[in-house]
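Structure first, then comments.
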Amino acid sequence: MAAPPDAEVCSALSLELLPTDPLLLILSFLDYRDLVSCCYLNRRLNQLSSHDLLWKRHCKKYWLISEEEKSRRNKGWKAIFISTYSDLGRYIHYYATLKKAWDDLKKYLGQWCPRMIGSLKESVREEDLDAVEAQIRCKLPDDYRCSFRIHNGQKLVVPGLMGSMALSNHYRSEDLLDIDTAAGGFQQRLGLKQCLPLTFCIHTGLSQYMALESVEGRNKYEIFYQCPDQMACNSSAIVMFITGTSYLEWFTSYVNKVVTGGYPIIRDQIFRYVHDKECVATTGDITVSVSTSFLPELSSVHPPHYFFTYRIRIEMSKDALPEKVCQLDSRYWRITNAKGDVEEVQGPGVVGEFPIIGPGRVYEYTSCTTFSTTSGYMEGYYTFHCLHYKDKFFNVTIPRFHMVCPAFKVSTAAGSSLHTVSGLSQDFRHSFPVALTVANPNESAVDEDQDSTGTDDSRDPRRVLDIAAPSGCCPRHT
């Protein structure tokens, strides 16, 4: 009796009957889990799914294992995958992304901020992370654990890995905390209940926290800066400026901004000024561009006081004629908040200076502004006069630049008699002993002689911008 047509089709399509090469090609498209499952189907698939080259793609995809590293380990691809999985298997969905971020960051630091490399700590063990969870009685997210299996944060040093900011007599530089220091600052007090610090600035006491549970109005694993609600009757009430929705998103987005040149390098430090590529205006031979930054540690939601700093770059084209050399005389600002209220400011020079701009020359300075609304924008012009033609004056456009504070929410902490100090300085510093290290003890973190620069444009502007932080009050709208 002839076999049914369906049976003939099934027999004809059976993997068992395929030659080895086409079958290996099919297996090469399977994920590692399906490849493992094939081992249990029959003897032939068991043998073929163990073919070493099938595991090369998975080693590269999930563990970023290179040919050179394979040679150093002196093992086959499958053996490497299995041994790595036995150690890091719980992080298989995060490891490649975080490892690449760390590798890209270290490569960039090696080129632009080499002294930061020495502040990075080696990886921690699984048992170290388990011990921290037992200590704080709270589970750590796998993406956070995975990152610390690669690097255990950094030493408490200046400059901090997570970026700096300097303005007048205010200086901030955030370190990425190692796991033990973070655990020492774990919070259970109202307002910050079950929050783990990720960063810390030794100068301001500022931290970014990660919520390990969905309590007090926070989402689980949300990352934020905290500031006190000065108008609340409850002293534990805080406002949270949201900076990330998960550790993976928070860390990788920061690294991407750094390695793509989104943040300037100033005196061997990463400064967190954001530049909108469209925020550029050219008048004749002079181009003005602006980058901005929100300072949570100087801001308040209740009462509304949002503090922004901006850095302005003024440069003259290298192709300009020598007689185009000119000097800045005055500035005019038109400042508009989210309500449409307008303030106009006019005055001599910028930051007390009257810079001279010539072909190929660059002048940069930093100033600040505050809004009573969560956003606003500024625009205006500089008035210059030509040095070659004393009676020739002209205006140079300052492009409109917008400033918007991050999304924020108010903690729903219950009433408490706890007293919350302004900012984070006292609470966090008293949680554990802190040792501060400056890379060069004879060199201050930021030069305090001036707040502006005049440079030749022959160097990469990302490498050295020569910012400074003078003493005294912050000059606004300069």
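The table for this structure:
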read-out	value
Fraction of accessible area attributable to carbon and sulfur, the stretch 273-405 (%, probe 1.4 Å)	50
Entries in 139/257; 106/155; 78/257; 60/277 that, when Cα-Cα distance is taken, lie over 24 Å	139/257; 78/257; 60/277
Relative contact order of the stretch 20-90, defined on C-alpha pairs under 8 angstrom at six or more residues apart (%)	25
With every protein chain in place, the stretch 20-90: carbon and sulfur % of accessible area (1.4 Å)	55
Protection proxy ranking of 38-50, 201-213 - average other beta-carbon atoms within 10 Å, highest first	201-213, 38-50
Protection proxy ranking, peptides 371-383, 77-89, 331-343, average beta carbon neighbours within 10 Å, highest first	371-383, 77-89, 331-343
Partners for residue 409 among lysines (Cα-Cα distance below 16 Å; same-chain residues under 8 apart left out)	193, 220
The stretch 110-162, relative contact order in percent, only Cα pairs under 8 angstrom and at least six apart counted	53
Accessible-area composition of the stretch 95-260, carbon plus sulfur, in percent [1.4 Å probe]	49
Selected from 150, 170, 140, residue furthest toward positive end of dipole (the stretch 121-198; charges at beta carbon)	170
Shape of the stretch 70-158, Cα gyration tensor, a/c cut at 1.5	oblate
Exposure rank, largest accessible area first [245, 252; 1.4 Å]	245, 252
Heavy-atom surface of the stretch 241-400, accessible at 1.4 Å and reported per residue (Å²)	41
Residue (of 54, 28, 79) at the positive-pole extreme of the stretch 20-90, dipole from beta-carbon charges	79
Accessible solvent surface per residue of the stretch 121-167, calculated while the other protein chains remain in place, 1.4 angstrom probe, Å²	35
Burial order of peptide ranges 26-37, 90-101, 312-323, 155-166 (average beta-carbon count within 10 Å, highest first)	155-166, 90-101, 312-323, 26-37
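The values are calculated or read from the model by the stated rules, or taken from the named source; none is laboratory data. Source: prediction; values computed, not measured. Because the Cβ atoms are built from the backbone with ideal geometry, glycine has one as well, and the counts that use them run over all protein chains shown. Surface areas here come from the heavy atoms of the whole protein model, side chains and all, with no ligands, DNA or RNA. Shrake-Rupley method; radii C 1.70, N 1.55, O 1.52, S 1.80 Å.
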